[in-house]
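Here the structure is laid out as structure tokens; the discussion comes afterwards.
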Amino acid sequence: MTHPVFAILSAGGSSLEDTIELLSGAASTVAGEETSATAVVFGAAPRVDSACRAACAMFSRVRRVAHPVLEHPDAEMIRELCRRLLPPAAIVLMAHDPFGMDLGPGLAVHLGAVYLPDCLELDREGTGRMSAVRQVFGGQVNARVSADVTSGAVITVRPGAFTRPEPPVDVSREVDGPSVASGEGAGEGGSAQAGEKTRGVVPTAGVIEDWSSKVFREGVPGVGRRILSIREAGKGEVDITRSDVLVACGRGFESADDLELARELAEVMGADIACSRPLVDARWMEKTRQVGSSGQTVSPRVYLALGISGSFQHLAGIKGKPFLAAVNINRRAPIFQVADVGIVGDVLEVVPELTECFREGKG
Amino acid sequence: MDILVCIKNVPDTSAEEIEIADDGTDIVRDDLVYTVNEWDNYAVEEAIRIRDRVGGSVSVVTVGSEEDEEALRREIAMGADAGFLLSDPAFEGSDGAGIASILEAFVRKHPVDLVLTGAQADDEAGQVGGMLAARLHLPFASLVNRIDIREDRLTVEREVDGGNVEVVDIALPCVLSIQTGINEPRYVGIRGIRKAAAVHIPVLGAAELEIDPAEVGRRGARVLLESLFVPAQGEGAVMLEGSLGQQVAQLAAALKTQGVIR
Ligand SMILES: Cc1cc2nc3c(=O)[nH]c(=O)nc-3n(C[C@H](O)[C@H](O)[C@H](O)COP(=O)(O)OP(=O)(O)OC[C@H]3O[C@@H](n4cnc5c(N)ncnc54)[C@H](O)[C@@H]3O)c2cc1C
């Protein structure tokens, strides 16, 4: 039995292009040669249409599910729609991001599928089995897991772990109809039937099928939750996204007072101070100094990581391949897998020495 | 409001060099210090604060073995009213779905208004909360970093990418997974822990929970751990050697070469 492969995308999601690339890479790994993957894009017009077009660049089939209630990507609603739309035993891919983490586990339960979270590698293992590599214990150790996927699988994929595959083969392109932008589809006696290609945009490679009316034929699913609004993160006094040199502190600093050592170092280095999430959670640093997926994305020339383990959520915020130096007491800390240069040592000893070194060099 | 918090006792590994056990499917745990999973601790603190504001009770529950009782006691010392240990040889080797179904059985016997879990634990899967909600047919929100109570509903905030916040209206009863930073968990002193040592913690197994042993544990697991391995170093960092002074001098030189001038 071959399993149909689906990639779930939310038009309102952040870094949509990256997610499309990620999921098409993962899809080509799990789909094998005999099947190709279908992207399903949820959203409200007009954003859903640009998202569909973007998905077409990397998926040969794209299902568009549009409705005003999808203005915000509410995973509770989208989970119910997925249940209406996905065939049995499907392999369902999504990014391991706040949307996928919200959607995935419950979807697996409802589909009777296994759940494979935050996968770095995926392999098909003959019929009905699949294996995956995931990080455990703060990224110090990887785990290879295998799963029985005969009833399908819901898989969240680590952002950045898969890259763009070869572009999909040019299947029966459909280029009538200039755009689908006007249709909300829902409720209003939509013309789309199951599997029928209705109005298509000019695709790069893929074909867009509008599934809105089919999926919403039974009405808008009743769910116990609703997104009221989205609030953007605030700005702080220092904009670390513009910093050239960052001295970033992590939980290796055991007290707020010790951070003074890092501040002195930053001063002599002409650097700004950044940090990992736990220091913000502890209220030792402002949120605007947090680097990572739920903080700032920085692109300095030099990044000095002090007492930071190197979790993927932290590393996700470091872009542009800076020169990365790390000081950590644990030689197995994952930060050393990505650093250019490292010292195994205690920040309380290394940091004052380093400050002294820069001071002397200055005089 | 009656609140249940699902917690996990985890080894504190961040500053330890983890070793992989001989059979390749576990880490060497002998010398590791166990603590309550960081995310869970925030969840328990939040539950206690809600109870103190609006009344009700806070229970903590874990699926585990005798050694994990200590984690329940720690959270009772923090202020939880009761702890339950779900333990049975049949539960051993459960995958995430198995843990969620054991917890589901417990919640069906001890209904509450609100179930909290941590956003993730040491296996970094973040799966139990969402699965539990789906099994109970309750609404779910993950990565919650604020909870406001409005009669029979909650307004909660989810922390999404870039620190942006999704403000969500959610009906009770529901399941929420809690993100760190939602509050500042209180310090638990040795005296509190000593007092909690006397609290009776019921142990419930498959029979009490009316769970079919074939559905959980190793037998019921559809996701199996094959092996653990230390990730390949890749290029890896150039690790500096010599005395502390020498290492620091080399680091300073490297930073200067990269253009850190001062
Ligand atoms: C949805 C989600 C979003 C997240 N977003 C972010 C984010 O945006 N940014 C972020 O940073 N994290 C984020 N996290 C948290 C992330 O998973 C990690 O928990 C966090 O990055 C760990 O921070 P850390 O490295 O400072 O602490 P730890 O992982 O605890 O590491 C501390 C390190 O310090 C070392 N150390 C200890 N003592 C010393 C010493 N004396 N000298 C030198 N080294 C020492 C230890 O060996 C260890 O490697 C997120 C998590 C989730 C679930």
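Remarks
- Failed criterion for A:Ala325 (all others in (1) surrounded by fewer than 21 Cβ atoms within 10 Å (Cβ to Cβ); (2) over 22 Å from A:Val136 (Cβ atoms); (3) more than 9 Å from the ligand (Cβ to nearest atom) hold): (1)
- Conditions (1) more than 20 Å from B:Glu166 (Cβ to Cβ); (2) away from every other protein chain (no Cβ under 14 Å); (3) open to solvent by less than 10 Å² (accessible area, probe 1.4 Å); (4) among the β-branched types (Val, Ile, Thr): number failed by A:Val41: (1)
- Restricting attention to the range A:227-269, the residues that are within 11 Å of another protein chain (Cβ to nearest Cβ), within 16 Å of the ligand (Cβ to nearest atom), more than 30 Å from B:Val156 (Cα to Cα) and out of contact with any strand residue (DSSP E or B) (no Cβ under 9 Å at 6 or more places or on another chain) total 1.
- Residue satisfying all of: in the range B:173-232; over 25 Å from A:Asp97 (Cα atoms) and among the hydroxyl-bearing types (Ser, Thr, Tyr); nearest to the other protein chains (Cβ to nearest Cβ) among these: B:Ser227
- Residues in the range A:354-363 that are open to solvent by 80 Å² or more (accessible area, probe 1.4 Å) and facing another protein chain (nearest Cβ under 7 Å): A:Lys362 only.
- Across the range A:79-91, not a single residue is classified as facing another protein chain (nearest Cβ under 7 Å) and in contact (Cβ under 8 Å) with a residue 40 or more places away in the chain.
- Restricting attention to the range A:333-351, the residues that are more than 7 Å from the ligand (Cβ to nearest atom) and open to solvent by 50 Å² or more (accessible area, probe 1.4 Å) add up to 4.
- Any hit, the range B:43-65, residues being within 30 Å of A:Ala147 (Cα to Cα) and either out of contact with any Gly (no Cβ under 9 Å at 6 or more places or on another chain) or within 14 Å of chain A (Cβ to nearest Cβ) (or both): yes
- Condition check for B:Gly93: surrounded by fewer than 20 Cβ atoms within 10 Å (Cβ to Cβ), farther than 29 Å from A:Gly252 by Cβ, of a type outside the set (A, V, I, L, M, F, W, C) and more than 14 Å from chain A (Cβ to nearest Cβ): no
- If the condition is being open to solvent by 40 Å² or more (accessible area, probe 1.4 Å) and farther than 30 Å from A:Glu121 by Cβ, then the range A:54-74 contributes A:Pro68, A:Val69, A:Glu71, A:His72.
Each row is one residue, and each column tells you yes or no for (1) at the interface with chain A (Cβ under 8 Å from one of its Cβ atoms); (2) under 22 Å from B:Asn9 (Cβ atoms); (3) more than 15 Å from the chain's Cα centre (by Cα).
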{"position": "B:Asp81", "(1), (2), (3)": "no, yes, yes"}
{"position": "B:Val115", "(1), (2), (3)": "no, yes, no"}
{"position": "B:Met131", "(1), (2), (3)": "yes, yes, no"}
{"position": "B:Ile147", "(1), (2), (3)": "no, no, yes"}
{"position": "B:Val156", "(1), (2), (3)": "no, no, yes"}
{"position": "B:Val160", "(1), (2), (3)": "yes, no, yes"}
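- Beta carbons closer than 6 Å, at least 6 apart along the sequence or on distinct chains, pair a first residue in the range A:45-58 that is in a loop (DSSP other than H, G, I, E, B) with a second that is hydroxyl-bearing (Ser, Thr, Tyr) and open to solvent by 20 Å² or more (accessible area, probe 1.4 Å) for A:Ala57/A:Thr204.
- Residue selected from the range A:128-168 under the condition polar (S, T, N, Q) and farther than 13 Å from B:Ala125 by Cα, by the criterion nearest to the chain's Cα centre (by Cα): A:Thr163
- Look at the range A:102-113: where a residue is in the same structural domain as A:Val149 (by TED's automatic domain parsing) and a partner is among the charged types (D, E, K, R), sitting 6+ places away or on another chain with Cβ atoms under 6 Å, you get A:Leu103/A:Arg79; A:Gly106/A:Arg79; A:Leu107/A:Arg79; A:Val109/B:Arg135; A:His110/A:Arg83.
- Counted residues, the range A:278-319 - those being more than 6 Å from the ligand (Cβ to nearest atom) and polar (S, T, N, Q): 4
- The conditions of being open to solvent by 20 Å² or more (accessible area, probe 1.4 Å) and part of a strand (DSSP E or B) are not met by B:Arg73.
- Of all the residues in the range A:291-315, those that are within 22 Å of B:Asn164 (Cα to Cα), at the interface with chain B (Cβ under 7 Å from one of its Cβ atoms) and in contact with a strand residue (DSSP E or B) (Cβ under 6 Å, 6 or more places away or on another chain) number 1.
- Qualifying position, being at pLDDT 95 or above and touching a helix residue (DSSP H, G or I) at 6+ places or on another chain (Cβ under 8 Å), among B:Val188, B:Val156, B:Val216, B:Val260: B:Val216
- Of the set (1) crowded, with 24+ Cβ neighbours inside 10 Å; (2) part of a helix (DSSP H, G or I), all apply to A:Met77 but (1).
- Restricting the search to strands (runs of 3 or more DSSP E) fully inside the range A:252-361 and requiring at least 1 residues that are of a type in the set (S, T, N, Q) and outside the structural domain of A:Val136 (by TED's automatic domain parsing) gives A:323-328.
- Any hit, the range A:206-218, residues being open to solvent by 40 Å² or more (accessible area, probe 1.4 Å), over 29 Å from B:Ile147 (Cα atoms) and either within 16 Å of the ligand (Cβ to nearest atom) or assigned to a loop (DSSP other than H, G, I, E, B) (or both): yes
- Filtering the range A:141-150 to residues that are facing chain B (nearest Cβ under 8 Å), open to solvent by 10 Å² or more (accessible area, probe 1.4 Å) and not acidic (Asp, Glu) leaves A:Asn142, A:Arg144, A:Val145.
- Residue ranges of strands (runs of 3 or more DSSP E) in the range B:1-56 with at least 3 members open to solvent by less than 70 Å² (accessible area, probe 1.4 Å) and away from the ligand (no atom under 16 Å from the Cβ): B:2-6
The values are calculated or read from the model by the stated rules, or taken from the named source; none is laboratory data. As the structure is a computational prediction, the values presented were derived from the model and not from experiment. Note that each Cβ is placed from the backbone with ideal geometry, even for glycine, and that neighbours are counted across all protein chains shown. All accessible areas refer to the heavy atoms of the entire protein, side chains included, with ligands and DNA or RNA removed. Shrake-Rupley method; radii C 1.70, N 1.55, O 1.52, S 1.80 Å.
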